[in-house]
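Single-structure report; data block below.
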Amino acid sequence: MDAVEEHPTPVTVHGRRGLLAAVPFVLGFRPAASLVLLTITLSPGAARVVSAMRVDIDAPWAQVRGRLLPRLRAERCGLVVAGYCGPQEEQRVRDVVADLRRASVVVLDAYVVDGDVATGIPVDRQAPWACGVPGPDDPQVVELGMAMALRGRGVLGDRSAVVRSVAAPEGGRARAGSGATDRAAGRLLDVLAGAAAGGADCLLREIDRAADSARQDWDARRTVDVDLAADLAVLVWDPVARDRLLGRLLRAEAQPWIPVLVSVVTAIPDPQAAAIVATLAVAAYRHGDGALSTVCVDRCLQADPGHRLAQLLRAAAAAGLPPDDLGLLGRTSSDLNAGTTG
């Protein structure tokens, strides 16, 4: 189940075709064999996609329903129900719509996408409708693509492509990452030994240095050197340094930190990468990339089943924690860390 929260780069779309164009950009990949539930504001003025949820088309509906309904009632939102499936699964989408309406959910629209054609499922007295799914040259698709590019991200082919985009390195790259991690751990021990009683302050300086260096490397080369990646991965083993980095990531609305961290986690093997993968998961959730956050949590917990940050984020996502609340945590963490050094 992938939860994707409010998109951090507002883009105006128009009509059903605009919403059809927006779904892959909101999810981060093109859905297939999926049920997509878009939560839409009911407040006056322009409608806004508050969140999106994607589940497999054959996922147990009772579990999805139990997670979805409390949020809809709390936020006073309506819902657009979209099935990305063939004709054989259309009845399941119709059953979901009927169940939601019996639960007094405001279903604004419903449709099934099969290939390049969307066909409406009538809600209330809506007339039957069908339209083509906007292609890559559609102006709304182009605008959405530009907004995603500003975040350093794009639309991947499917969910498995999201998994591959943050997979651990293999072969020679894994050996290089493991060696770099050993060297980074040795450097950090030497630095801390020289800092004596000022260990916490030293960690904060080191994580700031490592983050700045990785960001500069990414800006210059669109990749992060394996030794810089290892520095970040090792430093966030310590909660003080990790929280300092999170304080920056959760507040950096316009800065493309996500691709920087993607470059880092794909250079470092597991289990050494578990902490930085969890850090990326939190940052991705905060900035609306729920699919990326989910697969990062999965990777982290596969490498370290007891990782507390990943467990906490999974629980927060299941409870529907708004991403803005993570932004508040980022400010609090940054303030606390600033007090430590001051």
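The values are calculated or read from the model by the stated rules, or taken from the named source; none is laboratory data. A quick note: this is a predicted structure, and the numbers were derived from the prediction, not measured. In this analysis, Cβ positions are derived from the backbone assuming ideal geometry, glycine residues included, and neighbour counts consider all displayed protein chains.
Reported count of residues in the stretch 122-145, each being buried (at least 16 other Cβ atoms within 10 Å of the Cβ), touching a residue at least 60 places away in the same chain (Cβ under 8 Å) and not in a helix (DSSP H, G or I), is 3. Scan the stretch 302-310 and tell me whether some residue there is modelled with pLDDT under 90, among the basic types (Lys, Arg) and either assigned to a helix (DSSP H, G or I) or more than 27 Å from residue 72 (Cβ to Cβ) (or both). No, every residue in the stretch 302-310 fails to be modelled with pLDDT under 90, among the basic types (Lys, Arg) and either assigned to a helix (DSSP H, G or I) or more than 27 Å from residue 72 (Cβ to Cβ) (or both). Among the candidates 167, 176, which residue alone is part of a loop (DSSP other than H, G, I, E, B) and at pLDDT 80 or above? 167 is the lone residue from the list that is part of a loop (DSSP other than H, G, I, E, B) and at pLDDT 80 or above.
If the condition is being touching an Asp or Glu at 6+ places or on another chain (Cβ under 6 Å) and of a type in the set (A, V, I, L, M, F, W, C), then the stretch 259-312 contributes 274, 291, 303.
Of all residue pairs spaced 6 or more apart or on separate chains, those with beta-carbon atoms under 7 Å, a first member in the stretch 171-184 that is assigned by TED's automatic domain parsing to the domain that holds residue 265 and β-branched (Val, Ile, Thr) and a second member that is surrounded by 15 or more Cβ atoms within 10 Å (Cβ to Cβ) and in a helix (DSSP H, G or I) are 181/230; 181/233; 181/234. Can you find a residue that is in contact with a helix residue (DSSP H, G or I) (Cβ under 7 Å, 6 or more places away or on another chain) and either among the charged types (D, E, K, R) or outside any helix (DSSP H, G or I) (or both) anywhere in the stretch 193-207? Scanning the stretch 193-207, I find at least one residue that is in contact with a helix residue (DSSP H, G or I) (Cβ under 7 Å, 6 or more places away or on another chain) and either among the charged types (D, E, K, R) or outside any helix (DSSP H, G or I) (or both), so the answer is yes. Counting only helices (runs of 4 or more DSSP H) that fall entirely inside the stretch 1-106 and contain at least 3 residues that are modelled with pLDDT of 90 or more, the qualifying elements are 90-102.
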